[in-house]
Amino acid sequence: MTTTNLRIRGLTKSFGGVRALDGVDLTVPAGQVHALLGHNGAGKSTLIKCLGGAFPPDAGTIEVGGTSYLRLSPRESIAAGVAIIFQTLSVVDALTVAENIFLGQEWTRYGRIDRRAQEEVAAGLLERVAARCSPRDRVGDLPMGQRQLVEIAKALSRSASVLVLDEPTAALSGAETDALAERVEDLRTQGLAIVYVTHLLAEVERLADAVTVLRDGRVAHQSTVAGQTRAELVAAIAGRPAQEVRRPQPRRTSTVPRLVVDALRGPGFGPVDVTVAEGERVGLFGLIGSGRTRVLETLYGRRRATAGTIRVGDRTVAPARPADGLAAGIALVPADRRAQGLFPSLSAQDNTLLPSVRPLARHGVRALRSERRVFEALASAVGLRPAQPDLPAGAFSGGNQQKLVLGRWINEARHVDVLLLDEPTQGVDVGARQEIYRVVSSLAAERGTAVLFASGDPEEIVALADRCLIVARGRIVGELSGAELTEQALLSAVHTSLPAEGAA
Ligand SMILES: Nc1ncnc2c1ncn2[C@@H]1O[C@H](COP(=O)(O)OP(=O)(O)OP(=O)(O)O)[C@@H](O)[C@H]1O
């Protein structure tokens, strides 16, 4: 008989006027990987936060291991056997692996922490998750994939029976992603009930047994994964039939160079040569740690170049700070948009239009009506939910916060010569992804903006780039364009170069 580790019934939660969850049912038996999908703002994070005790639900029950709760405190959630691995991990960098695992549940002997016993047990737990680190390593020195395994080992030390993984591969390299998939497989075999939150359908197909799609706080679809097509899942997420993902028609781009980078070097990369013509969209494809992010940050002035030249049009620029990059007509949308670009207490509209307020103003007075019009056009283009201009940015879901920061640079009131995008659609749902590609492409086509973007997702490169440069070990090691630019060609190009670990 299969035991049911997690049974959620009628879960409901509102924030002000927004029904984030509306009568959600979800059952996950022991030994099942259950994928949780949904558009940005569908309610996925709210559901896992109710489960983890961060929010009290308004109605419904959460049953874990046979005990039913109307609400859980964070402590009760852990005691009941729930472990949630959030994207921003909760491990403490300054502590060792063993200290992290036993934080808050230290083993003591004669009133002192028994380090040796902790390290011995930690070693066993690390083995169970096939981690390659030692109990005495400092967590801050470990690559992201290992830190995540430490957190999973910590969950096992607390005898978790329900493991929730929130977009766990977002910050992992290809090799780390494969290793995590194997761990998920093992933990399923060991009888955990696993809830796996993701936007990536390939992960669902690879790992999950069952899938639930949330749409606007309700269950829009629930089934086993076997026999389910991608088109059916996309339709359930978006609430309309799937649009075919098509590679844009090859366009004749201008040959006038807009961005010319010559022998650029900086810590961890170089020399790098890149030319982007007016209206051209060039992808930088590489694994995490390849140096792709460093190149973009150096062009923008967030990092200092140690050698080389950068030209925008016919001007030579040497950005030492982001303000210099902006003054030279270069904008960067960082990958970690929430930490690096969002003002949580300002309204959605102010967040997107802040840099445009001056261009829109007439005679020094803010053009409020134009601001609203530009915001509304943008909100509909990127599928912002809810499309409320006055709501504080901090009240939007993670993916919608991404769209707000992205929208700052891709709205019609803001002109930049060179647009740099780091992982433009990470955390963004499948429906909005296509819209973002369309908006970026029309900026390039209509205004001649030179677009240089970094991505680790071959599908994204193929959907958005006219031409792609392969980055490995801080250098450009190949180039693909036209008919050669396919997902398969990208993957084989990157895997023939040595993978690097660590953050980009
Ligand atoms: N603290 C909050 N205050 C107000 N509204 C909130 C709050 N947290 C979430 N919401 C709203 O609840 C809804 C569901 O958000 P939630 O974060 O659960 O979505 P999600 O499915 O996790 O999205 P994403 O894929 O973007 O992470 C959204 O409309 C969001 O704006």
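The values are calculated or read from the model by the stated rules, or taken from the named source; none is laboratory data. As the structure is a prediction and not an experimental result, all values here were calculated from the model. Note that each Cβ is placed from the backbone with ideal geometry, even for glycine, and that neighbours are counted across all protein chains shown.
Numbers for the structure displayed
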| quantity | calculated |
| --- | --- |
| Pairs, first under 13 Å from VAL219 (Cβ atoms) in the range 1-20, second within 12 Å of the ligand (Cβ to nearest atom) and among the aromatic types (Phe, Trp, Tyr), C-beta under 7 Å, six or more apart | none |
| Every residue from the range 344-397 that is modelled with pLDDT of 85 or more, aliphatic (A, V, I, L, M) and either more than 16 Å from the ligand (Cβ to nearest atom) or assigned by TED's automatic domain parsing to the domain that holds GLY41 (or both) | LEU353, VAL374, ALA377, LEU378 |
| Pair list, Cβ < 6 Å and 6+ apart or interchain, from the range 300-320 residues that are more than 16 Å from ALA450 (Cβ to Cβ) to residues that are outside any strand (DSSP E or B) and among the charged types (D, E, K, R) | GLY301/ARG321; GLY301/ASP324; ARG303/GLU297 |
| Residue check, SER68 hydroxyl-bearing (Ser, Thr, Tyr) and not in a loop (DSSP other than H, G, I, E, B) | yes |
| Residue match in the range 105-119 (condition: small (Gly, Ala, Ser) and within 23 Å of LEU163 (Cα to Cα)) | no |
| Residue list for the range 335-352, restricted to those being in contact (Cβ under 8 Å) with a residue 12 or more places away in the chain, assigned to a loop (DSSP other than H, G, I, E, B) and surrounded by fewer than 20 Cβ atoms within 10 Å (Cβ to Cβ) | LEU342, PHE343, PRO344, SER345, LEU346 |
| The listed residue being modelled with pLDDT under 85, within 13 Å of the ligand (Cβ to nearest atom) and in contact with an Asp or Glu (Cβ under 9 Å, 6 or more places away or on another chain), out of GLN426, GLN402 | GLN426 |
| Considering residues of the range 392-447 that are hydroxyl-bearing (Ser, Thr, Tyr) and out of contact with any Leu (no Cβ under 9 Å at 6 or more places or on another chain) only, the residue surrounded by the fewest Cβ atoms within 10 Å (Cβ to Cβ) | SER442 |
| Segments classed as helices (runs of 4 or more DSSP H), wholly inside the range 107-209, with at least 1 members that are within 19 Å of the chain's Cα centre (by Cα) | 144-157, 174-189, 201-207 |
| Residue check, ALA42 within 27 Å of the chain's Cα centre (by Cα), within 23 Å of LEU207 (Cβ to Cβ) and within 11 Å of the ligand (Cβ to nearest atom) | yes |
| Selection within the range 405-423 - modelled with pLDDT of 85 or more, part of a helix (DSSP H, G or I) and among the hydrophobic types (A, V, I, L, M, F, W, C) | VAL405 |
| Residue count for the range 217-229, restricted to those that are under 17 Å from GLY60 (Cα atoms) and either assigned to a loop (DSSP other than H, G, I, E, B) or modelled with pLDDT under 95 (or both) | 1 |
| Contacts under 7 angstrom Cβ, first residue in the range 42-70 being without any contact (Cβ under 8 Å) to a residue 60 or more places away in the chain and among the small types (Gly, Ala, Ser), partner more than 12 Å from the ligand (Cβ to nearest atom) and assigned to a helix (DSSP H, G or I), 6 or more apart | GLY53/PRO74; GLY53/GLU76; GLY53/SER77; ALA54/PRO74 |
| Total residues in the range 91-125, condition in contact with a helix residue (DSSP H, G or I) (Cβ under 8 Å, 6 or more places away or on another chain), surrounded by fewer than 12 Cβ atoms within 10 Å (Cβ to Cβ) and modelled with pLDDT under 90 | 2 |
| Residue satisfying condition, being over 30 Å from GLN434 (Cβ atoms), within 15 Å of the ligand (Cβ to nearest atom) and at pLDDT 95 or above, within set LEU6, LEU51 | LEU51 |
| Hey, THR309 at pLDDT 90 or above and outside any loop (DSSP other than H, G, I, E, B) or not | yes |
| Residue ID - farthest from the ligand (Cβ to nearest atom), chosen from residues in the range 60-78 that are in contact with a Ser or Thr (Cβ under 9 Å, 6 or more places away or on another chain) and farther than 20 Å from THR212 by Cα | GLY66 |
| Residue match in the range 148-162 (condition: touching a Cys at 6+ places or on another chain (Cβ under 9 Å), away from the ligand (no atom under 16 Å from the Cβ), in the same structural domain as LEU47 (by TED's automatic domain parsing) and within 30 Å of GLU106 (Cβ to Cβ)) | yes |
| Conditions (1) near the ligand (Cβ under 9 Å from one of its atoms); (2) outside any strand (DSSP E or B); (3) surrounded by fewer than 18 Cβ atoms within 10 Å (Cβ to Cβ): number failed by PRO56 | (1) |
| Verdict on GLY279 being over 30 Å from PRO389 (Cβ atoms), touching a Ser or Thr at 6+ places or on another chain (Cβ under 8 Å) and not assigned by TED's automatic domain parsing to the domain that holds ALA379 | yes |
| Single unsatisfied condition, THR88 versus (1) under 24 Å from ASP141 (Cβ atoms); (2) away from the ligand (no atom under 15 Å from the Cβ) | (2) |
| Residue satisfying condition, being of a type in the set (D, E, K, R) and either surrounded by 16 or more Cβ atoms within 10 Å (Cβ to Cβ) or within 15 Å of VAL418 (Cβ to Cβ) (or both), within set ARG321, ARG292 | ARG292 |
| The range 187-206 residues that are surrounded by fewer than 17 Cβ atoms within 10 Å (Cβ to Cβ), paired with ones that are among the aliphatic types (A, V, I, L, M) and part of a helix (DSSP H, G or I) (beta carbon under 8 Å, 6 or more apart) | ARG206/ALA181 |
